[in-house]
Structures are given as structure tokens and as C-alpha cells.
Amino acid sequence: MLADSYDAIVIGSGAGGASATYKLVKAGHRVLVVERGGFLPRDGTTLDVKKVFKEGVFGNKDAWVDGANQTFVPDEFHNVGGKTKWYGAALFRFADHEFEPDEAFQCRGWPFGPETLAPWYDEAEKLLAVKAFDNEPELQALIDRITSHNPDWKPNHIPLGLKEEILNDPEEAKHFDGFASVSAYKSDAWWNLLEHVRDDPNFTIVAGNRVVGLVPAEGNPRRVTGVRLEDGSEHSASVVVLAAGAMTSPRILQDYTAETGVDLPCAGAVGANFRFHLNSALLSVSPFKDHDVLRKTAVFFNDRFPHSTMQCLGWMDGEIIGVQLPEAVPSFIDDAMGAHAIGFWATTEDGSNPENRVISGGTSGTPMLDYRLDRIQSSLDEHHALIHAYERSLLACGLVGVSRYMGTGGTAHAMGSMMTGTDPETTVCDPDGKVHGMDGLYVGDGGALPRSSRVNPSLSIYAWGLRLGDHLGRAH
């Protein structure tokens, strides 16, 4: 069945998709957003530790296999607003030098410099109300101890998309990092972008309906004219934006090329060069009780680890720790640990390797994430060195730290599988997001990012989406 036609169809409502949609609607274009998941409830359940972390009520349920054919479930979210509803609202710009290639670390460069993205970084920061928060007293005391023992650790404030009102709501303040805000205290793709165009007659959203295929122009598979949804409906448009995320967008394109037989110059690059940061959580236990609430306000840089950062995590308590421990551990032990715990997040940029890739299993098969750390040895070596050095610094301050690598399932920072660049054989889309060899098909999510940098990629994905939306708004 054929539904109404649009100027543009955007697949996905996360950072990139919402940004492109916002700009297109503001430019007067009729836009359909298709989101696989529905709207999140606002009844408080998205702040419930057991439902979010232990039961995984809101998370992805789809199983994947890794390169060794072992099953795992990626850390993905299918809901309106995508992962921006669940992220920790850390909204960094990539550093200027992180737009350049770094061959020694297997890092590909951007096809343009930071000055090109700067206007959309500026706009994204305004739309998302990015600000820095003061460190709370006990965190600041710890930072002072760390830097006095080792001045190589250089603390900075984390730029956060949070409303200051969250400080007056301890329940929300304790549950913003990894939870979906009920009161819209946290900036996200829905509240800060799509909500502002929701009542515009040019904006339509279909939620809870998955895209199962792209529709080719009759007799010309190099031109996409719409999408086919799980309910059997088809929607047409002159432009389709793949913004379903770096683990889904390449599979949609892979399935399309397999179905139509179209031979694209970038076919070998679709799904390749997948990156998602080397991330480890580090839990430290202090002899002192920690009464801070927000906590996630500081990040450490260290010149010894130029591709890495160490961030403070949000609130830790016995309940949060308890869902990570075996059920046999008594709750009073959980509570005792939680009262003295503070968490950190170790992030290292992962270099590009074309063999680290997303592979579609087709419409009925199991998708694969073939990602191995030994393909990016420099990243692995720096990540281990970073954690060991930080643990030593914590120990000098009287804190014992234990770390855990997040593994293949920790895909919160998925990037790179639809990389932008000028070479149509080694990248997927051009500097304006257009898929090489295709007409009417663009990439609007983190898959386009050539480097993962050493910080959270969300702001760069927002900026990429805003720039894409402006480009499409002028070109069509």
C-alpha cells in the first residue's frame, strides 16, 4: 500500500536524524521520520535501576554474533530520540587535531577541517543548552588530591546538556547518566529538536514501525525513491536519509544492494571501519562516604595518553552496584560499597581497520559484528596503560580501583561504518553525506564519522546532522 509522498524521509530519530529533520522542516520541506521504537513512558520507570539495568526493559533485545560466532546483545536503544534519551549528556567538540589523519594510530582523517563543522557545533551547543557545572565538594577534593600527586592528570569540566533545575531534583540528578529523564532535564534529540517542530504541518513521525527495505526507482536501482515498512506500507520521497545508527544503517544499505544487485563503488566500505571506542568502567572504593549527587562533571586529559580520557561517572549507590553483582551478595554489602563508591569511565579512540565491520544477516538472518582488538593494537596498548596509570593515581589518594572492559556489547558510541570521504572505494558517503554512486540517499548518523576521537561523539553527530539538513534544505 502506498502512503503520501514527502520531500525527505529520515530513518531514525536519534542525534543525526533529529538534527537533519529539524533543519529540513525549518526550511519548509515535508519530512517523514520513521522510528523503529515507540515513545518512552514518563511514569518514572525509565529512572528505575532494576528495570533499566537488570531487567533491560527498554534496551535492545536483538541478538547478534561476533566474529567468532558467539552470541551477544548490543547496547542499543530503539525508541523515539534513540540513544540520546539514555546517554550521559556529555557533549564534547572533537579537538582540531582530531580532524586530521594519524597513521601511527590507524586514524583516518576527515575530508574537511574543524572550521567547516564549527558553525553547526555552535548551533548544536545552543539547541542543546550545553553548559559546564561546578564540581561538587567531594569530587573537587578528590580531583585536587589526584592532581597534587600527579600533575600529568589535567582536569576539565565536562560540557553537559543538562538544565540547572536538575540540581533541585535529587532523584533525576542521581539518574541522568544512563537513564531517560522524565522531566526533560536532559537535552536529547526529541526534547531539544523534534519537539520544536512537532506541531509543524511539514513534520510527520511514524513510531513503532521498522524500515525493512529501501525502494528503488523503476528501472534505476541507483536512485532510491522511498522506504518499505514492516507493516507493508511504502512511503516515497526525493531524498532518504539513513540515520538509524552505525549498526543499522549499513545493514539497510547492504540488504538493498543484495536485493537489487546494484554495483556500488563503495560496496566494500559499507559496514567497514566500525568503531565504538575502547571503554572501561572503573569503580573505586574510598574509606570516606561520598555525598555528591551529580558527579559527572569532570574529565581528565593526560599527554601521556593522547587518544584517551578518563571521565567521572554519575551517581553510584548500592542499588546500582547491586544489579551488577550476583544475587547471592547480600544487599547490606551492596549498600556499604555504594556509600563509598565513585565511578570513572576510561575511553580510548579506536583506530580504523576495514576488517572491523558490521555484516547484515539479511532480512531473516542474524547480523554480525566482526570486531577484534588485535586489529587495532595501538589503541589496546594505550587503553591498558591509561587504566593502570589511573589506578595507581587513585591508590596514591587512598582509593582502590577495579576496572571492567565493556566488551563487544558496549556499543553506545557506535561510529564509522558509513564513513565520509572523497574516495568512493574506501568511504561510503561524500563530504555532504551523499552515498557514493547513489542518487537521493544520504548518511545522517554517526556511521559517517571518520574518527571516533577520545570523547563522546554525540555533539559531533548532532553537528553532522544539522549540516546535512542545511545542505539538503538548500539543494532540494
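No lab work stands behind these numbers, since they all come straight from the coordinates. Computed from a prediction, not measured in an experiment: that's the story for all the values here. Here the Cβ is made from the backbone with ideal geometry for all residues, glycine too, and neighbour counts use every protein chain on show.
Table for the structure above
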quantity: Charge dipole (the stretch 124-166, unit charges on Cβ, about Cα centre) - positive-most of L142, W153, A129; calculated: A129
quantity: Radius, Kirkwood style, for the stretch 149-255 when every pair of distinct Cα atoms is counted (Å); calculated: 18.0 Å
quantity: Out-of-range pairs (alpha-carbon distance over 18 Å; input K174/K296; K126/K174; K51/K174; K85/K163; K26/K434); calculated: K126/K174; K26/K434
quantity: Average projected area [Cα convex hull, the stretch 403-476], square nanometres; calculated: 5.9 nm²
quantity: Beta bridge orientation in the chain: antiparallel %, DSSP, nearest 5; calculated: 65 percent
quantity: Proxy reagent accessibility, fewest Cβ within 10 Å first, across T297, T257; calculated: T257, T297
quantity: Mean-position separation - Cα centroids, the stretch 376-407 and the stretch 408-476, in angstrom; calculated: 31 Å
quantity: Three principal axis lengths of the stretch 248-305 [C-alpha, angstrom, descending]; calculated: 63, 28, 17
quantity: Percent breakdown of C-alpha pair distances by 5 Å bin, ordered from the shortest bin, for the stretch 354-447; calculated: 2, 10, 14, 16, 16, 13, 10, 7, 5, 4, 2, 0
quantity: Low-density loop positions, GluC sites (Glu not before Pro), the stretch 367-425 - DSSP coil, at most 13 other Cβ in 10 Å; calculated: E425
quantity: Tail fraction, Cα-Cα pairs, the stretch 204-280, threshold 22 Å, whole percent; calculated: 28 percent
quantity: Rg(Cα)/(2.2 N^0.38 Å) for the stretch 88-195, N = residue count; calculated: 1.32
quantity: Shape parameters for the stretch 127-186, alpha-carbon atoms, Rg then Dmax in Å; calculated: 13.9, 40
quantity: Qualifying trypsin sites (Lys or Arg not before Pro) in the stretch 8-96, DSSP loop, other Cβ atoms within 10 Å at most 10; calculated: K61
quantity: Inter-probe distance in nm under a simple model that places probes 7 Å from Cα toward Cβ, at A27 and H388; calculated: 5.1 nm
quantity: Sites S183 and D134, calculated FRET efficiency, Cβ-Cβ separation with R0 25 Å, nearest 0.05; calculated: 0.70
quantity: Span per principal axis, largest first, for the Cα atoms of the stretch 349-394 (Å); calculated: 49, 20, 13
quantity: Label point distance in nm, D152-D66, each placed 7 Å from Cα along Cα→Cβ; calculated: 2.9 nm
quantity: Net dipole in debye of the chain [+1 Lys, Arg Cβ; -1 Asp, Glu Cβ; about Cα centre; nearest 20]; calculated: 200 debye
quantity: Which of I9, I143, I158, I252 has the fewest Cβ neighbours within 10 Å, and the rest in rising order; calculated: I143, I252, I158, I9
quantity: Restricting the stretch 166-247 to GluC sites (Glu not before Pro) in coil, as DSSP defines it, with at most 13 other Cβ within 10 Å; calculated: E218, E230
quantity: Computed [θ] at 222 nm, deg cm²/dmol, the chain (DSSP H ≥ 4; -39,500 (n - 2.57); rounded to nearest 500); calculated: -7000 deg cm²/dmol
quantity: Debye intensity ratio in log₁₀ form over the Cα atoms of the stretch 1-132, taken at each q of 0.13, 0.20, 0.21 Å⁻¹; calculated: -0.87, -1.25, -1.25
quantity: Neighbour count of at most 16 Cβ within 10 Å plus DSSP loop: longest chymotrypsin sites (Phe, Trp or Tyr not before Pro)-free window in the chain; calculated: 289-476
quantity: Gap separating the Cα centres of the stretch 211-251 and the stretch 76-116, nearest whole Å; calculated: 25 Å
quantity: Relative contact order computed over the chain (Cα-Cα under 8 Å; 6+ residues apart), in percent; calculated: 26 percent
quantity: Percent of alpha-carbon pairs separated by more than 20 Å within the stretch 71-147; calculated: 62 percent
quantity: Against the rule of thumb 2.2 N^0.38 Å, how large the Cα Rg of the chain comes out; calculated: 0.95
